[in-house]
1. With the crude spin-label approximation of a point 7 Å out along Cα→Cβ, what separation in nm comes out for Ile122 versus Asp235?
2. Cα convex hull of the range 153-285: mean projected area in nm², to one decimal?
3. Per-residue HN-Hα couplings for the range 30-37, Karplus 6.51 cos²θ - 1.76 cosθ + 1.60 at θ = phi - 60°, whole Hz, x for Gly and Pro?
4. With a Förster radius of 22 Å, plug the Cβ-Cβ distance of Thr35 and Thr57 into 1/(1 + (r/R0)^6) and report the FRET value to the nearest 0.05.
5. Could you tell me how many cubic angstrom of Cα convex hull volume the range 68-116 has per residue?
6. Note down the net charge around Ala91, summing +1 for each Lys or Arg and -1 for each Asp or Glu among other residues with Cβ under 12 Å from its Cβ.
7. Give me the percent relative contact order of the range 177-228, please, defined on Cα pairs under 8 angstrom at least 6 residues apart.
8. If you count only protein heavy atoms with a 1.4 Å probe, what accessible area per residue comes out for the chain, rounded to a whole Å²?
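The values are calculated or read from the model by the stated rules, or taken from the named source; none is laboratory data. Quantities reported herein were computed from a predicted structural model and do not represent experimental measurements. Cβ placement follows ideal geometry from the backbone for every residue including glycine, while neighbour counts extend to all protein chains displayed. The accessibility values were calculated without ligands, DNA or RNA, using every heavy atom of the protein model including side chains. Shrake-Rupley method; radii C 1.70, N 1.55, O 1.52, S 1.80 Å.
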Amino acid sequence: MFVEQRHELILREVRERGSVRLAELAESLGVSMVTLRRDVEHLAGRGLVHRVHGGITLPEPAQESTPRETMTIGMLVPAATYYYPNVIRGARERAAELGARLVLGVSRYDEAEERMQVKQLINGGVDGLLLTLTRQPDASHAGWLSGIGVPAVLVERKAELGGAASLLDAVASDHPHGAFLGVRHLAELGHRRVAMVTRVSPTAPRIREGFLAAVRAFDLDDPGELAIDQDGPTDTQADAVVEAIRSGVTGLLVHNDEDALLLVQHLRVAGVRLPDEVSIVAYDDEVAALSDPPLTAVAPPKAAVGRHAVDLLVRRIQEGPSMPGQHLALLPELRVRDSSIAHE
């Protein structure tokens with residue numbers, strides 16, 4: 001387990017329970033007390049936990065980092081279903097902890113609606129904005145974003161290098177890292193021919209980046225990429241996946257896990273045995289555990305993205321342009337279940 005993963009798990013436990021004994025944490029994390037004390041010392045030094053005898057608690061909010069009670073944060077998301085409820089939850093909980101009010105707008109993946117929602121949020125008096133745009137920001141967003149007039153933090157979006165939007169603060173899951181974890185898992189199980197199955201989405205290029213990096217790093221055979229529709233795989237597209245498996249593909253990285261569940265159904269009808277003939281790693285881990293078999297999945301830290309985005313926006317509101325800009329990438333984790341096994 002990576003250091004960052006341990007830190008996130010420690011913080012998750014103390015946030016959920018209020019206080020945790022070190023002995024319990026060491027056992028649940030499977031680490032020595034020496035390692036755990038080093039982690040706790042690091043987190044306490046950052047003010048994220050408070051050490052007490054034999055355990056840790058949540059620290060009292062520092063007065064200087066707590067926004068005034070009237071602070072209002074606007075949050076724009078493209079949808080309030082599937083991936084985003086956990087991002088919203090993390091932001092809402094953190095805003096409440098800081099005494100701020102969160103107001104939500106939903107664009108429904110419509111750019112005209114997106115801009116109207118932002119205008120309404122600003123007219124409503126928000127102090128700053130958390131923005132998940134319909135697509136990755138590019139040069140066409142430059143004038144609009146620069147004219148918003150309030151501090152803004154991009155959430156789960158990555159601006160083009162050097163573009164105007166790249167000057168905004170941003171918090172996002174490190175999707176290339178997540179995809180790399182998924183393919184590395186398959187490679188370590190002995191799979192040599194691994195394909196990626198994905199729909200068109202703002203996240204797909206970043207997952208593809210990690211997929212291809214892993215293929216190169218582990219010297220896998222030339223990868224294939226199989227496209228599916230926005231509403232899930234059609235019969236023709238599912239047949240193409242079946243054909244790829246019949247032609248020797250033994251591992252699949254599927255984005256997202258709703259599509260992975262639909263694909264599992266198609267494969268079963270086609271007589272493909274899971275995971276004997278093909279191992280599957282889904283991406284997002286929203287419903288992957290509900291599949292039969294439960295799907296191994298890459299889980300972006302969605303709630304943590306929301307929490308960190310609020311923290312960053314509050315700091316930006318309080319400190320203004322004197323604070324250096326930040327692009328914060330949070331690491332997804334791999335959750336191994338029954339859909340991935342060793343390939344002989």
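1. The two pseudo-label positions are separated by 5.0 nm.
2. Answer in nm², one decimal: 8.5.
3. Calculated HN-Hα couplings, in order: x, 10, 6, 5, 5, 5, 5, 4 Hz.
4. Efficiency computed from Cβ-Cβ geometry: 0.65.
5. Expressed per residue, the convex hull around the Cα atoms of the range 68-116 is 55 Å³.
6. +2
7. 51 percent
8. 47 Å²
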